[in-house]
1. Restricting attention to segment 46-60, and to residues there that are out of contact with any Leu (no Cβ under 9 Å at 6 or more places or on another chain) and part of a strand (DSSP E or B), which single residue is nearest to Leu31 (Cα to Cα)?
2. Could you list, in sequence order, the residues of segment 12-45 that are surrounded by 11 or more Cβ atoms within 10 Å (Cβ to Cβ), aliphatic (A, V, I, L, M) and either free of Cβ contacts under 8 Å to residues at least 24 places away in the same chain or out of contact with any Pro (no Cβ under 6 Å at 6 or more places or on another chain) (or both)?
3. Within segment 23-45, how many residues turn out to be assigned to a helix (DSSP H, G or I) and aromatic (Phe, Trp, Tyr)?
4. Any chance you could count how many residues in segment 46-70 are among the hydrophobic types (A, V, I, L, M, F, W, C) and surrounded by fewer than 15 Cβ atoms within 10 Å (Cβ to Cβ)?
5. Do you know which of the residues in segment 38-55 that are among the hydrophobic types (A, V, I, L, M, F, W, C) and more than 16 Å from Pro86 (Cβ to Cβ) is nearest to the chain's Cα centre (by Cα)?
Amino acid sequence: MTPTVPTELVEVSLPEPPPPSKAERERAAFLRLLPGLLPTHAGRYVAVHGERVVDDDADDIALVRRVHARFGYVPIHVGLVTADPPVARMPRYREVRRGGGQA
């Protein structure tokens, strides 16, 4: 039987994850506020700034322009208040190899 050799424990410390960006915080606030917005703003777009709803409109472009005119060109989140959020589609590439075969 081979004798066991004690090994030293190595402590690994991972860096702290970066704090969420302002845009990420605004999106999270929109998702948190969404259930309360459904009865009053269904079918309309709302703008979230400072983690609160600052304006709403049926036209998202007009809403963005108005909010940026009011607060400056800062990160905001504009979302459609709906019970069924749209499906996000992620494009992907397809690799084609020589000889006509696909990966």
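Quick note: the coordinates plus some simple rules give every number you see, no bench work behind them. Fair warning: this is a prediction, and the values are worked out from it, not measured in the lab. Here the Cβ positions follow ideal geometry from the backbone for every residue, glycine too, while neighbour counts run over all protein chains shown.
1. So the first thing to find is which residues in segment 46-60 are out of contact with any Leu (no Cβ under 9 Å at 6 or more places or on another chain), and the list is 49-50, 54, 58-59.
Applying the additional criterion that residues be part of a strand (DSSP E or B) yields 49, 54.
Working: His49: 13, Val54: 15 Å.
Among them, the one singled out is His49.
2. Result: Ala28, Ala29, Leu31, Leu33, Leu34, Leu37, Leu38, Ala42.
3. 1
4. First, pick out the residues of segment 46-70 that are among the hydrophobic types (A, V, I, L, M, F, W, C): 46-48, 53-54, 58, 61-64, 67, 69.
Going one step further and asking which of them are surrounded by fewer than 15 Cβ atoms within 10 Å (Cβ to Cβ), we end up with 58, 61-62, 69.
Final tally of qualifying residues: 4.
5. Residues of segment 38-55 that are among the hydrophobic types (A, V, I, L, M, F, W, C), as a first pass: 38, 42, 46-48, 53-54.
Retained after the next criterion (residues that are more than 16 Å from Pro86 (Cβ to Cβ)): 47-48, 53-54.
Values: Ala47: 14, Val48: 13, Val53: 17, Val54: 19 Å.
The qualifying residue nearest to the chain's Cα centre (by Cα) is Val48.
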